[in-house]
Amino acid sequence: MRTVDPEQHARKRALILQAAAREFAVHGVDGTSTASVCRRAGIGSGTLFHYFPTKRALFHALFSDDLPRNAAARERALAAARPGDGLDLLVDHLLTDLADPLVPGLLAAALFQANRDEEFAVMVATDEALTRDALTTLLERAAADGCRPAFPPERLAGWILRLSDACYLAAGEEGFDPVAQTAELRRIVAGLVGRPAG
């Protein structure tokens, strides 16, 4: 019986996901074939289906693989000594992938998929709800610490998420600067929270 090298397995899986991300970003879910992913990854279809049994499973993996990273970011933010620092950590995490040129296409594909794939929609919505809860907790702590939020914490958490989504929607525009966009969103959040910009 042949044993599997976990590192080699992880590298091959990452290679497939990288190829799939490029295909889905350019062609969407319907316009991407498993054959095109295989060509881009330089693998055979048997290898692809060993890792991902369907194109849908492959698309889901692109997003589900981020869930542990998102959970860790929420945990770090909630563990921060000061709520403002935790907010900055979480906002920065929300915008981590802003410089990735594939993001606008993947976001469009994800929005389309969420409208017809209940399992995918639930996965994305559940993760977003957990982030909203973390933001709400941080905003409640900030208010208790003397800040004066412009809106109730739960509503302000929703606005922060919508503003971060808007940044991604703008990411494909000419002259878009992800570093400047992140800094500006942090200043906007600081103003809404009622604390000096950090």
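The values are calculated or read from the model by the stated rules, or taken from the named source; none is laboratory data. Since we're looking at a predicted model, the values are computed, not measured. Here the Cβ is made from the backbone with ideal geometry for all residues, glycine too, and neighbour counts use every protein chain on show.
Structure values in brief
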| quantity | calculated |
| --- | --- |
| Close pairs (6 angstrom Cβ cut-off, 6 or more residues apart or separate chains): free of Cβ contacts under 8 Å to residues at least 40 places away in the same chain in region 54-67, surrounded by 14 or more Cβ atoms within 10 Å (Cβ to Cβ) and part of a loop (DSSP other than H, G, I, E, B) anywhere | none |
| Among (1) among the charged types (D, E, K, R); (2) farther than 14 Å from LEU138 by Cα; (3) out of contact with any Ser or Thr (no Cβ under 8 Å at 6 or more places or on another chain) - the single one ASP88 does not satisfy | (2) |
| Residue match in region 86-106 (condition: within 23 Å of ALA19 (Cα to Cα), modelled with pLDDT under 95 and small (Gly, Ala, Ser)) | yes |
| Residue satisfying all of: in region 100-122; farther than 12 Å from LEU169 by Cα and part of a loop (DSSP other than H, G, I, E, B); farthest from the chain's Cα centre (by Cα) among these | ARG116 |
| One residue from ARG82, ARG74 being assigned by TED's automatic domain parsing to the domain that holds LEU107 and more than 24 Å from GLU128 (Cβ to Cβ) | ARG82 |
| Single unsatisfied condition, ALA72 versus (1) within 18 Å of the chain's Cα centre (by Cα); (2) touching a residue at least 40 places away in the same chain (Cβ under 8 Å); (3) assigned to a helix (DSSP H, G or I) | (2) |
| Qualifying positions in region 82-111 - surrounded by fewer than 14 Cβ atoms within 10 Å (Cβ to Cβ) and closer than 14 Å to VAL26 by Cβ | PRO101 |
| Qualifying positions in region 159-179 - among the aromatic types (Phe, Trp, Tyr) and either under 24 Å from ALA129 (Cα atoms) or part of a helix (DSSP H, G or I) (or both) | TRP159, TYR168 |
| Residue satisfying condition, being closer than 20 Å to ASP97 by Cβ and either in contact with an Asp or Glu (Cβ under 9 Å, 6 or more places away or on another chain) or surrounded by 13 or more Cβ atoms within 10 Å (Cβ to Cβ) (or both), within set LEU156, LEU139, LEU169 | LEU169 |
| Residue list for region 7-46, restricted to those being hydroxyl-bearing (Ser, Thr, Tyr) and surrounded by fewer than 12 Cβ atoms within 10 Å (Cβ to Cβ) | SER45 |
| Total residues in region 31-48, condition in contact with a helix residue (DSSP H, G or I) (Cβ under 8 Å, 6 or more places away or on another chain) and either in a helix (DSSP H, G or I) or in the same structural domain as ASP133 (by TED's automatic domain parsing) (or both) | 10 |
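Listed here are the residues, each with its yes/no results for (1) of a type in the set (D, E, K, R); (2) free of Cβ contacts under 8 Å to residues at least 12 places away in the same chain; (3) closer than 19 Å to ASP85 by Cα; (4) in a helix (DSSP H, G or I).
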residue: VAL124; (1), (2), (3), (4): no, no, no, yes
residue: LEU130; (1), (2), (3), (4): no, no, yes, yes
residue: LEU135; (1), (2), (3), (4): no, no, yes, yes
residue: PRO149; (1), (2), (3), (4): no, no, yes, no
residue: ALA157; (1), (2), (3), (4): no, no, yes, yes
residue: GLN181; (1), (2), (3), (4): no, no, yes, yes
